[in-house]
Amino acid sequence: MQKIIDFIKQTFNTNEFISLHEPRFIGNEKKYLNDCIDSTFVSSVGKYVDTFEKEFAKTVGSKFAIATVNGTAALHISLLLAGVKRDDEVITQPLTFIATSNAISYLGAKPIFIDVDLDTMGLSPKSLKNFLETNCEVKENICINKTTGKTIKACVPMHTFGHPCKIEEIKKICDIWNIILVEDAAESLGSFYKNKHTGTFGKIGAFSFNGNKIITSGGGGVIVTDDEVLAKRAKHITTTAKIPHPYEYVHDEIAYNYRLPNINAALLVAQLEQLERFLVSKRELATKYKEFFTTNNINFITEPKDCKSNYWLQAVLLNDINQRNEFLEFTNKNGVMTRPIWRLMNELEMFKDCQKTDLKNAKYLEERVVNIPSSVIL
């Protein structure tokens with residue numbers, strides 16, 4: 001174990017405490033922030049919001065991008081735009097951050113948990129297909145869960161730690177069953193599946209810019225889509241559904257105050273300028289980790305077949321839960337922050353009664369995966 005500590009501290013060139021993932025502000029962040037402050041437009045209107053949306057859409061290859069206050073808000077609105085309503089059901093994976101299931105629940109819908117693939121840690125198309133063929137039928141172009149009698153409106157796969165899931169196969173299955181694909185791409189900015197950016201396979205995708213993401217404004221999120229009607233509606237309902245007018249306050253529906261402030265967007269414009277540099281650094285770090293851990297008989301998690309990962313959070317796969325716990329305890333006691341993968345959603349009190357498939361792969365990963373320091377090294 002000490003050998004691992006020594007290697008990580010040598011890699012990051014410090015004997016100080018090493019965080020899991022720190023932000024890096026090395027470009028125009030202060031310049032753009034000062035400009036934003038001088039303009040006095042620090043709230044949800046300003047040139048940096050518009051610039052960021054335009055540049056982000058260009059970066060991922062979508063026609064439209066709508067900035068939000070955080071990734072959870074982006075996913076919430078994405079599901080609303082997909083038509084998810086109270087008492088609908090939404091297919092997702094149990095191995096994910098809580099925001100995925102929370103966003104489904106905000107709409108009064110209920111998640112169905114489908115197992116993941118071991119190589120991607122994301123939603124398994126094989127498990128998805130088996131679940132649908134066993135439990136569902138299509139009536140009048142609507143997917144009906146025969147077990148509950150409810151509509152399965154959407155499917156939300158998540159690209160775990162920036163490693164793309166088998167999103168093309170998932171999309172084909174969703175199309176056959178008339179289920180709307182909404183991508184939780186919160187962790188995968190800079191990741192590609194078969195040379196197409198994650199978040200752009202479904203009708204809608206959602207990204208996050210939380211403080212630990214590959215680029216950040218302390219918070220922030222974005223919705224991407226190629227559908228102009230959905231894009232306009234996303235902008236409308238994330239801005240309190242206010243009808244444009246020189247001075248009158250007229251709102252035409254109950255909506256949300258989810259627009260990203262201009263001051264946060266100023267940070268994101270500068271961060272986006274550094275994205276390629278960050279991606280190169282993360283790939284270099286992954287190469288060093290892979291070589292070291294392979295030599296020491298520990299499985300380092302690498303990008304799946306047909307994928308180019310952003311390596312947002314680097315991770316290792318240990319032999320069992322006992323070795324995992326030993327690894328976590330030793331590293332954290334010795335100044336190296338490590339974290340286990342998330343607790344499965346179906347094991348949490350609020351989701352324990354949700355329908356699920358056999359989750360043997362998700363459970364296997366839950367007991368073995370640990371994230372290790374992943375900050376950009378300059």
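The values are calculated or read from the model by the stated rules, or taken from the named source; none is laboratory data. Everything numeric here is computed off the predicted structure, so don't read it as measured data. Quick note on the areas: whole protein, heavy atoms, side chains included, nothing else; ligands and nucleic acids left out. Shrake-Rupley method; radii C 1.70, N 1.55, O 1.52, S 1.80 Å.
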Among 341, 66, 142, residue whose mean-square fluctuation peaks in a GNM of the chain (springs only between Cα atoms under 10 Å)
142
Per residue solvent-accessible surface (Å²) - the chain, probe of 1.4 Å:
45 Å²
Taking every DSSP beta bridge with both residues inside the chain, roughly what % is antiparallel (nearest 5)?
65 percent
Karplus couplings for region 202-210 from phi (6.51 cos²θ - 1.76 cosθ + 1.60, θ = phi - 60°), rounded to Hz, Gly and Pro as x?
x, 5, 9, x, 10, 10, 10, 10, 4
Need the list of aspartates and glutamates near residue 30 for cross-linking: C-alpha distance under 16 angstrom, and skip anything on the same chain fewer than eight residues off.
38, 273
Output wanted: per-residue J couplings in Hz (rounded whole) for region 302-314, from phi through Karplus 6.51 cos²θ - 1.76 cosθ + 1.60, θ = phi - 60°, x for Gly and Pro.
10, 5, x, 4, 6, 10, 10, 8, 7, 6, 4, 10, 6
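Mind scanning 9/282; 139/172; 110/172; 308/356; 288/308; 171/194 and naming the pairs with a C-alpha gap bigger than 21 Å?
Over 21 Å Cα-Cα: 110/172; 308/356.
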Under 16 Å between alpha carbons, and skipping anything fewer than 8 positions from residue 126 in its own chain: which aspartates and glutamates qualify?
115, 117, 168, 169, 175, 358
Expressed as a whole percentage, what fraction of the accessible surface of region 181-285 belongs to carbon and sulfur atoms when a 1.4 Å probe is rolled over the protein heavy atoms?
54 percent
Apply the Karplus curve 6.51 cos²θ - 1.76 cosθ + 1.60, θ = phi - 60°, to the phi angles in region 19-33 and return the couplings in whole Hz, x for Gly and Pro.
6, 5, 7, 9, x, 10, 10, 10, x, 8, 4, 5, 4, 6, 4
Among the listed pairs 166/232; 203/363; 129/360, which are separated by more than 26 Å between their Cα atoms?
166/232; 203/363
Could you check what % of the DSSP bridge pairs in region 158-307 are antiparallel, to the nearest 5?
70 percent
What are the residues whose amide H is under 5 Å from the amide H of residue 70, where those residues sit 5 or more places off or on another chain and H is modelled from the backbone?
220, 221
